[in-house]
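The values are calculated or read from the model by the stated rules, or taken from the named source; none is laboratory data. It should be emphasised that the depicted structure is a prediction, and the values quoted were computed from it without experimental measurement. Backbone-built Cβ (ideal geometry, glycine too); neighbour counts: all protein chains shown.
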Amino acid sequence: MKLFLKVWKQEGPEDEGHFESHVLDGVSEDSSFLEMLDQLNEQLLGEGKEPIAFDHDCREGICGTCSLNINGYAHGLENSTTTCQLHMRKFEDGDSITVEPFRAKAFPVVKDLVVNRSAFDKIIQAGGFITVRTGSAPDGNAMPVPKENADLAMDAAQCIGCGACVASCKNASAMLFTSAKAGHLNMLPQGQAEKDSRVLNMVAAMDEAGFGNCRNYGECSAACPKDISLDYIAKLNRDYAKAKIKKVFS
Amino acid sequence: MNQSSLLKKYLMALTGIVLVGFVLVHMAGNLQVLIGREAINAYAYALQNLPAPILWGSRLFLLVCVLVHAVTAYQLIKENRMARPRANEIEVTKRAGWASLRMGLTGSLMLAFIVFHLLHFTIRAIFPEYNDMKTTVGSPDGSEIHDVYSMILAGFQVDAISIFYVICMFLLCRHLAHGVSSMFQTLGFRSERWRGKLDLAASAYGWIIFAGFSIIPVLVIAQKYGLVNCLETCGSSCSVNL
């Protein structure tokens, strides 16, 4: 395959950034998108140029490290797929591909295609946990969890925190991520004790990070590699209202 | 005002519910034009002569809802624009529809429409001669009352005004198509199982509102060009120069 690539280049957070065009020949259709970028970087190194920086880690779709906006789509056009699991057979020989970083004020560009997603960590630190002593594993049957709740909590826990929801949202809102992380714990008995403070604090951290507001478009869920449903956003809206009312009248 | 993003969204949804309800009641009231001069005149007279606290209390409440809805929308949109300082090189949309993506546009136009509509038919500042339209038809005690029926017929005799109203009602229809469904999501009363049904219901609601409001200017214009003959004539008070 021969590809015409237009890739974002940015020296650092303060740099304006610009697109650079590259022609890459001999790409196997069996290679993944990231392997194609590896090949491009080898070519750039051979030409004595600086390779393009991009985030990657497990390359099996479970760590949430890879990102990239590919032809306008977070993680590319394929549904339920991370960039590392996107294969070049989904493209045609001679295609033009535009690759840019996930764009959001809360995700500043570190270099080229690498963005700083620490804002997600701040949201987790604000309430995405349960306060218990760790170390000794409790007995598996000590705390019964209804099967339905366990399944719903697992669906939410699938979120790998990649940020595709923010990148695909027209308003760079982090509601899908925040709602999945809060919803996961709010649906389990272990999460009940801190349920109200969790939603209040996580939403406050989300707002403070500079994410936009949810406008119920559903673009986030459509782009999510783990198919997190909008139900969790509705649940967060519900839980937040309850927590806020309780706080006002307490 | 630096309140939580979710509180702002609740404000949008709650004021939205009030306005969604208001347009339905307003539309039902308007449809009395189809019953005849007496029905709409009597209805308008009864509304205008509600006890002052109820009449002005309702008007103030609706005004506050419109203002809160508009100001909050402005704040949200401003924040949303700040949240992505540099736009994507390629902007694509997977799921959101035309109406959802243009709530700010249709909402701003609705605000302009409300101002025009109030000046046109409520305050009657655009055509002050509407104030001279008097009749005893529909009056509870036989005294002269405002002839709302003639005013509506006269108002929609102007092609441009009727077309403008119908276009604005179409924009309202699309605004409702996203808004009515979205407010359930914002208040937490929506699930994926219900999403399709709610979207459909919201769209249907928008079209009902569109049809209910548009039928009157459409009939007036159709009658003007001799296509139908279902409305009463304007009567002598309609002879104001337009």
Take the residues in the range A:225-239 that are out of contact with any Asp or Glu (no Cβ under 7 Å at 6 or more places or on another chain) and among the charged types (D, E, K, R); name whichever of them is nearest to the other protein chains (Cβ to nearest Cβ).
A:ARG238
Return the total of residues in the range A:71-101 being part of a strand (DSSP E or B), over 22 Å from A:ILE228 (Cβ atoms) and either of a type in the set (Lys, Arg) or within 14 Å of chain B (Cβ to nearest Cβ) (or both).
5
Answer from B:LEU55, B:LEU50 - the residue that is of a type outside the set (D, E, K, R), free of Cβ contacts under 8 Å to residues at least 24 places away in the same chain, outside any helix (DSSP H, G or I) and closer than 23 Å to B:ILE152 by Cα:
B:LEU50
Hydrophobic (A, V, I, L, M, F, W, C), under 30 Å from A:LEU236 (Cα atoms) and touching a helix residue (DSSP H, G or I) at 6+ places or on another chain (Cβ under 6 Å): is that true of B:CYS173 in this structure?
yes
Need pairs with beta-carbon distance below 7 Å; first residue in contact (Cβ under 8 Å) with a residue 12 or more places away in the chain and within 16 Å of A:MET175 (Cβ to Cβ) and within the range A:148-164, second among the β-branched types (Val, Ile, Thr) and buried (at least 19 other Cβ atoms within 10 Å of the Cβ); sequence gap 6+ or separate chains.
A:ALA156/A:ILE228; A:CYS159/A:ILE228; A:CYS162/A:THR82
Residue list for the range A:54-65, filter: more than 18 Å from A:ALA167 (Cα to Cα) and touching a strand residue (DSSP E or B) at 6+ places or on another chain (Cβ under 9 Å):
A:ARG59
Every residue in the range B:200-226 that is assigned to a loop (DSSP other than H, G, I, E, B) and either under 18 Å from B:ILE167 (Cβ atoms) or modelled with pLDDT under 90 (or both), please.
B:GLY226
Which one of these does A:LYS242 not meet: (1) out of contact with any Leu (no Cβ under 7 Å at 6 or more places or on another chain); (2) buried (at least 21 other Cβ atoms within 10 Å of the Cβ); (3) facing chain B (nearest Cβ under 10 Å)?
(2)
Scope the range A:79-113; condition among the hydrophobic types (A, V, I, L, M, F, W, C) and over 13 Å from A:LEU3 (Cβ atoms); matching residues:
A:CYS84, A:LEU86, A:PHE102, A:ALA104, A:ALA106, A:PHE107, A:VAL109, A:VAL110, A:LEU113
With (1) of a type outside the set (Ser, Thr, Tyr); (2) surrounded by fewer than 16 Cβ atoms within 10 Å (Cβ to Cβ); (3) farther than 30 Å from A:MET175 by Cβ as the list, and B:ARG37 as the residue in question, which single condition is left unmet?
(2)
Meets criteria (part of a helix (DSSP H, G or I) and of a type in the set (Phe, Trp, Tyr)) for B:PHE189
no
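For every residue, the table says whether it meets (1) farther than 26 Å from A:ALA223 by Cβ; (2) not in a helix (DSSP H, G or I).
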residue: B:PHE61; (1), (2): yes, no
residue: B:ASN80; (1), (2): no, no
residue: B:PRO85; (1), (2): no, yes
residue: B:ARG95; (1), (2): no, yes
residue: B:ALA99; (1), (2): no, no
residue: B:LEU105; (1), (2): no, no
residue: B:SER108; (1), (2): yes, no
Filter the range A:187-223 down to residues that are surrounded by 22 or more Cβ atoms within 10 Å (Cβ to Cβ) and more than 12 Å from chain B (Cβ to nearest Cβ) and give me whichever is nearest to A:LYS242 (Cα to Cα).
A:ARG198
Note: among B:ARG37, B:ARG86, just one is of a type in the set (D, E, K, R) and in contact with a Phe, Trp or Tyr (Cβ under 6 Å, 6 or more places away or on another chain), namely B:ARG37
Boolean, A:LEU34 is crowded, with 16+ Cβ neighbours inside 10 Å, at pLDDT 95 or above and in contact with a Ser or Thr (Cβ under 7 Å, 6 or more places away or on another chain):
yes
Only one of (1) without any contact (Cβ under 8 Å) to a residue 12 or more places away in the chain; (2) surrounded by fewer than 19 Cβ atoms within 10 Å (Cβ to Cβ); (3) assigned to a helix (DSSP H, G or I) fails for B:TYR43. Which number is that?
(1)
Scan (1) part of a helix (DSSP H, G or I); (2) more than 22 Å from the chain's Cα centre (by Cα); (3) within 14 Å of another protein chain (Cβ to nearest Cβ) for the single condition B:GLU129 breaks and write down its number.
(3)
Considering only residues that are among the acidic types (Asp, Glu) and in contact with a Gly (Cβ under 9 Å, 6 or more places away or on another chain), which ones fall in the range A:176-198?
A:GLU194
Would you please name the residue that is surrounded by the fewest Cβ atoms within 10 Å (Cβ to Cβ), looking only at residues in the range B:74-100 that are of a type in the set (A, V, I, L, M), more than 7 Å from every other protein chain (Cβ to nearest Cβ) and under 17 Å from A:CYS169 (Cβ atoms)?
B:ALA87
